[in-house]
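Here is the structure we will look at, set down as C-alpha cells.
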Amino acid sequence: MDLWQLHIFCKVIDLKSFSKAGSVVHLSQPTVSSHIKDLEAYFECRLIDRMAKEAVPTKAGELLYGYARKLIALKEETEAAMAEFHGRLKGRLVVGGSTIPGVYILPRMMGAFVAAYPEVTTAIRIGDTESIIQEIAAGLLEVGIVGAKSGLKQIQQEPFVEDELCLIVPVGNPWIKTGEIRLAELKAVPFIIREAGSGTLASIEKNLGRVSSSIDQLSVVAEMGSTAAVIQGIKGGIGVSILSRMAVAEDIAAGTLMAVSVRGLSMKRYFYLTCHRRKTLSPLSRTFLDFLQRQISD
C-alpha cells in the first residue's frame, strides 16, 4: 500500500468510475484496476463493487476511504508546512462548499487566491451543508463555507457573506404583476423543496418559524437534490420554490424566471466560514482564511 494507490482509490470512489478516475490521474483503466487489486490483496478484502455502471465502495471500502482521505490530507499539510518553512506558500488547498457557495462564491475567491499564490493548486468539494459540516467534524476537510449554522460543539463558524432568498416563479405567473404575495397564498400552491441537509431548506424552515409557520404547512409536491434541479422544476411547471438570489440571478436577468416577495417573511441569511474548533489549521488553510477575511473587509 502507498499513498498513490490510496489517491487512485479515492478518485474511483469520488467519481464512481474506474475509467473516469483513470482520466483524472492519467492512467489507463486496466492500470487503475491493477492498483485497486493490489490494495484489495494488501487488505485481504474486496473494496469496490461494480454495480451496473457505477463503482461502489463495499463496507470495507467505506472504512478505508475515510482513513485514506485523512492520510492524503496529512501528506498535503506536511508538504505545505515544509514549503512555508522555506518561505513559500505551496500545496493543494481543498475547500468544502455547500451548493450556493461552492458554485457561486468559492470559484471566484479561490481564483483570486491562486493569483496571489501561484504555487498553490485548489479543489472545491461540493455537498449539502450537513455533509460538508460532517466532513469538517471528521477531519476530512479543514475549511468550508456553508449556508446554515451547525449545532455541533466541535464546529466553529462565523458569518461570511449575506444572501437573500427569494420566492421564484415561472414566467407568466400572476404574482409577477403585484411582486408580493401573502403567506396564505404561498401555502395554497405546489411547492418544491431541497433535500434534508440543505442549508437553503434549513433557512426556509428557520424563517417560516419566525412567523409561526412551517414547511409542513406548504403544499410540497417535490423534493430535489440540487438547486439546479429545483430551477428546472420551476421552469417545467412542477411548482414554485424559495431559492438564493445568487443561484437565479442569470435567469432573472434573462427573464426566464421571476422573483416575488412574501409579505412579512424575512428572506435574509448568511453563509458561514466553517472549521473545526479544536484542530489547528494547516498553514495553507490559515492563509486562505486570512485572505478571505481581507476580501470581506476590503
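FYI, it's all coordinate maths here, none of it is from the lab. As the structure is a prediction and not an experimental result, all values here were calculated from the model. Positions of Cβ are backbone-derived with ideal geometry, glycine not excepted, and every protein chain shown enters the neighbour counts.
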Exercise. Being under 12 Å from Ile231 (Cβ atoms) and hydroxyl-bearing (Ser, Thr, Tyr) is the filter here, so list the residues in the stretch 242-282 that pass it.
Key: Ser244, Thr256
Quiz item: What pairs come up if the first residue lies in the stretch 54-78 and is without any contact (Cβ under 8 Å) to a residue 60 or more places away in the chain and hydrophobic (A, V, I, L, M, F, W, C), the second is loosely packed, with under 15 Cβ neighbours inside 10 Å and not in a helix (DSSP H, G or I), and their beta carbons are under 6 Å apart, counting only those six or more places apart or on different chains?
Solution: Val56/Asp49; Ala60/Cys45
Self-check item: Residues located in the stretch 132-178, provided they are in a loop (DSSP other than H, G, I, E, B), surrounded by fewer than 18 Cβ atoms within 10 Å (Cβ to Cβ) and of a type in the set (A, V, I, L, M)
Solution: Ala138, Leu152, Val171
Practice problem: Could you list all residues from the stretch 276-298 that are part of a loop (DSSP other than H, G, I, E, B) and acidic (Asp, Glu)? | Solution: Asp298
Quiz item: Of all residues in the stretch 248-296, how many are without any contact (Cβ under 8 Å) to a residue 12 or more places away in the chain and among the small types (Gly, Ala, Ser)?
Solution: 3
Quiz item: Out of curiosity, is Met1 more than 30 Å from Ser203 (Cα to Cα) and outside any helix (DSSP H, G or I)?
Solution: yes
Quiz item: Do you know which residues across the stretch 118-131 are assigned to a loop (DSSP other than H, G, I, E, B) and in contact with a strand residue (DSSP E or B) (Cβ under 9 Å, 6 or more places away or on another chain)?
Solution: Glu119, Gly127, Asp128
